[in-house]
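K.L.:
One structure, pasted below without further comment.
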Amino acid sequence: MDDNVNTATLAALESACPGLRLTTEAAVLESHGLDWTRFRKPAPSAVVFPESVEQVRQLVATAAEQGIPLVPSGGRTGLSGGAVAAQGEVVVSFDRMRQILGFDPVDRTVTVQAGVVTAAVQEFARQNGLYYPVSFASEGSSQIGGNIATNAGGIRVLRYGLTRDQVAGIKVVTGRGEILEFNCGLVKNASGYDLRHLFVASEGTLGLIVEATLKLRDPPLPAKVLLLGVESMDALMKVFDALRSSLDLTAFEFFTDRALHHVRHANKLPEPFETPCPLYVIAEFDCPGEADEEKAMACFEACADEGWLLDGVISQNDRQVKEMWRYREGISESISHFPPYKNDLSVRISRVPDFLDRMDSLILEICPDYEVVWYGHIGDGNLHMNILKPADVELSDFEARSHEISDKTYALTQEMDGSISAEHGIGLLKQPWLNRVRSEAEITLMRGVKQVFDPAGIFNPGKLLQDTKRIEKSTA
Ligand code: MLT
Ligand code: ZN
């Protein structure tokens, strides 16, 4: 248990927050103390389920007074340990704040409580003839508050941007016990610092996001998907360039033959092509009419003539669109039982082939005995590297080895001016390497910001920020 959390402080929390549901039931502590990472044992002291903004405010004010560490918790689908409570913290679950509060068809915004599930926002938009574009495999359980706190990305960033780009306003409770509302759904607002954006990707370290106003878009045009097989990364990038120049792409994703192996095996999917290919692409594009399909076919043939494609198929109806996406969207879950050591690296798009080449050599050098599965949102430079734990290796040994791999991977990422987290966040797992991609001066400023919003240091302690100095590139 955390030193500041004991029966007396929990009782103080309960009496200061009338009606607050608080539990210390072992099963709930276990389920709510962990996200989708598997490298820590959950050990919170309690889980609380506030039902209103006022209750959150009371909770935060008391926690700040008593020094009780709080770990915000959404759908717990995170992959960096950002929602892990392993040190006796109190988990703040938003499971009871799931209301859609308002819809404005003129502004084209929806205002929701933090615990609303991503898929529910998508569905609400659809029912109102609009579209919420953030989409990823865990959208059926992830919550909007968590999406904002990690700046969730997904498969359509190429067209619509990240969660950050959808946030028209947020309401937060800061560590000073204040309820603040940022930007209020405005399109234009030039009145100084945009504090809303400090909370996007803050990983729950500045305060608790309690409500959000999200932008909705025009409904998407009918789409088609190309599933392509390619020989090399160079060819893949040429195909990307060609498709991007002639089609309105909404997504451009890739995966390797090993990723295909696992997703096929787990979901009993057929081989997409007669002859296996080293790399596969899923490209989705607007295709409202026959002329668009003809354009896509012409582009496909031009790529084939250039020798960049080994095989390919185009969807003929919406059912096939869904079936093709299963090859990409099912990968993460198909390897989750190993468990994998996961990474969500990014580099500038132009540097992707070089980066992957150098990463492959690095992996061969440091862990030739481990299976590596690559996939990701290559159209925006975000690559998921998953190293699978062999069945005969202990989890603790695997973790120690992963640590070594991280050291070298992140040194290379730094050398190539990339990021060690494109969309999953720094959390606990990548925290020791934040200084690979953020300078000492930046980290000092980030700490200063945290101090302003969270003077008692109660929010998500141990996540994101740490106490080391910048490792300069030359020492990498
Ligand atoms: C994905 O792109 O599939 C998700 O980010 C999850 C993952 O990285 O495994
Ligand atoms: Zn991803």
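The values are calculated or read from the model by the stated rules, or taken from the named source; none is laboratory data. None of the values given here were measured: they were computed from a predicted structure. Note that we place each Cβ from the backbone using ideal geometry, even for glycine, and neighbour counts take in every protein chain shown.
K.L.:
Restricting to the range 373-430, and then to whatever is within 16 Å of ligand 1 (Cβ to nearest atom) and of a type in the set (D, E, K, R), can you tell me which residue is farthest from Ala201 (Cα to Cα)?
P.N.:
It comes out as Lys389.
K.L.:
Further question: Across the range 342-365, what is the total count of residues that are near ligand 1 (Cβ under 10 Å from one of its atoms) and touching a helix residue (DSSP H, G or I) at 6+ places or on another chain (Cβ under 9 Å)?
P.N.:
Here the count works out to 2.
K.L.:
Taking the range 37-80 as the region of interest, how many residues are among the small types (Gly, Ala, Ser), surrounded by fewer than 18 Cβ atoms within 10 Å (Cβ to Cβ) and not in a helix (DSSP H, G or I)?
P.N.:
From the range 37-80, those among the small types (Gly, Ala, Ser) are 43, 45-46, 52, 61, 63-64, 67, 73-75, 78, 80; that's our starting set.
Adding the requirement that they be surrounded by fewer than 18 Cβ atoms within 10 Å (Cβ to Cβ) leaves 43, 52, 61, 67.
Narrowing the set further to residues that are not in a helix (DSSP H, G or I) leaves 43, 52, 67.
Total meeting the criteria: 3.
K.L.:
Based on what the data block shows, is Gly88 on the phi > 0 side of the Ramachandran plot and either in contact (Cβ under 8 Å) with a residue 24 or more places away in the chain or within 16 Å of ligand 1 (Cβ to nearest atom) (or both)? So that I can check it myself, show each step before the final result.
P.N.:
Working: on the phi > 0 side of the Ramachandran plot: yes; either in contact (Cβ under 8 Å) with a residue 24 or more places away in the chain or within 16 Å of ligand 1 (Cβ to nearest atom) (or both): yes.
Yes, satisfied.
K.L.:
State yes or no: is Glu365 under 16 Å from the mean Cα position of the chain (by Cα), surrounded by fewer than 18 Cβ atoms within 10 Å (Cβ to Cβ) and either part of a helix (DSSP H, G or I) or within 16 Å of ligand 2 (Cβ to nearest atom) (or both)? Steps first, answer last, please.
P.N.:
On the way: under 16 Å from the mean Cα position of the chain (by Cα): no; surrounded by fewer than 18 Cβ atoms within 10 Å (Cβ to Cβ): yes; either part of a helix (DSSP H, G or I) or within 16 Å of ligand 2 (Cβ to nearest atom) (or both): yes.
No, not satisfied.
K.L.:
Further question on the same structure: I'd like the full set of residues that are assigned to a strand (DSSP E or B) and either touching a Cys at 6+ places or on another chain (Cβ under 7 Å) or free of Cβ contacts under 8 Å to residues at least 60 places away in the same chain (or both), limited to the range 103-113.
P.N.:
Phe103
K.L.:
Does the range 228-254 hold any residues that are among the polar types (S, T, N, Q) and under 26 Å from the mean Cα position of the chain (by Cα), and which are they? Break it down stepwise before answering.
P.N.:
First, pick out the residues of the range 228-254 that are among the polar types (S, T, N, Q): 232, 245-246, 250.
Of everything in the range 228-254, just one residue is among the polar types (S, T, N, Q) and under 26 Å from the mean Cα position of the chain (by Cα), namely Thr250.
K.L.:
If Gly129 satisfies every condition in (1) within 30 Å of Pro461 (Cα to Cα); (2) of a type outside the set (D, E, K, R); (3) more than 16 Å from ligand 2 (Cβ to nearest atom) but one, which is the exception?
P.N.:
Gly129 satisfies all of (1) within 30 Å of Pro461 (Cα to Cα); (2) of a type outside the set (D, E, K, R); (3) more than 16 Å from ligand 2 (Cβ to nearest atom) except (1).
K.L.:
Moving to a separate point now. With the condition kept exactly as written, say whether any residue in the range 354-367 is in contact with a Pro (Cβ under 9 Å, 6 or more places away or on another chain) and among the aromatic types (Phe, Trp, Tyr).
P.N.:
Within the range 354-367 (the criterion being in contact with a Pro (Cβ under 9 Å, 6 or more places away or on another chain) and among the aromatic types (Phe, Trp, Tyr)), the answer is no, since none of the residues qualifies.
K.L.:
Could you tell me which of the residues Pro368, Pro339 is within 16 Å of ligand 1 (Cβ to nearest atom), modelled with pLDDT under 95 and not polar (S, T, N, Q)?
P.N.:
Pro339 is the lone residue from the list that is within 16 Å of ligand 1 (Cβ to nearest atom), modelled with pLDDT under 95 and not polar (S, T, N, Q).
K.L.:
Same structure again: Among residues belonging to the range 163-198 that are buried (at least 21 other Cβ atoms within 10 Å of the Cβ) and among the aliphatic types (A, V, I, L, M), point out the one that is farthest from Gly102 (Cα to Cα).
P.N.:
It comes out as Val173.
K.L.:
Quick one: count up the residues across the range 274-325 that are over 30 Å from the mean Cα position of the chain (by Cα) and either in a helix (DSSP H, G or I) or surrounded by 18 or more Cβ atoms within 10 Å (Cβ to Cβ) (or both).
P.N.:
The qualifying residues number 19.
K.L.:
Kindly list the number of the only condition in (1) surrounded by fewer than 19 Cβ atoms within 10 Å (Cβ to Cβ); (2) small (Gly, Ala, Ser); (3) at negative phi; (4) away from ligand 2 (no atom under 16 Å from the Cβ) that fails for Ala137.
P.N.:
(4)
K.L.:
Only one residue in Leu158, Leu208 is of a type outside the set (Asp, Glu), touching a residue at least 24 places away in the same chain (Cβ under 8 Å) and assigned to a strand (DSSP E or B), so which one is that? Steps first, answer last, please.
P.N.:
Working: Leu158 fails: assigned to a strand (DSSP E or B).
The match here is Leu208.
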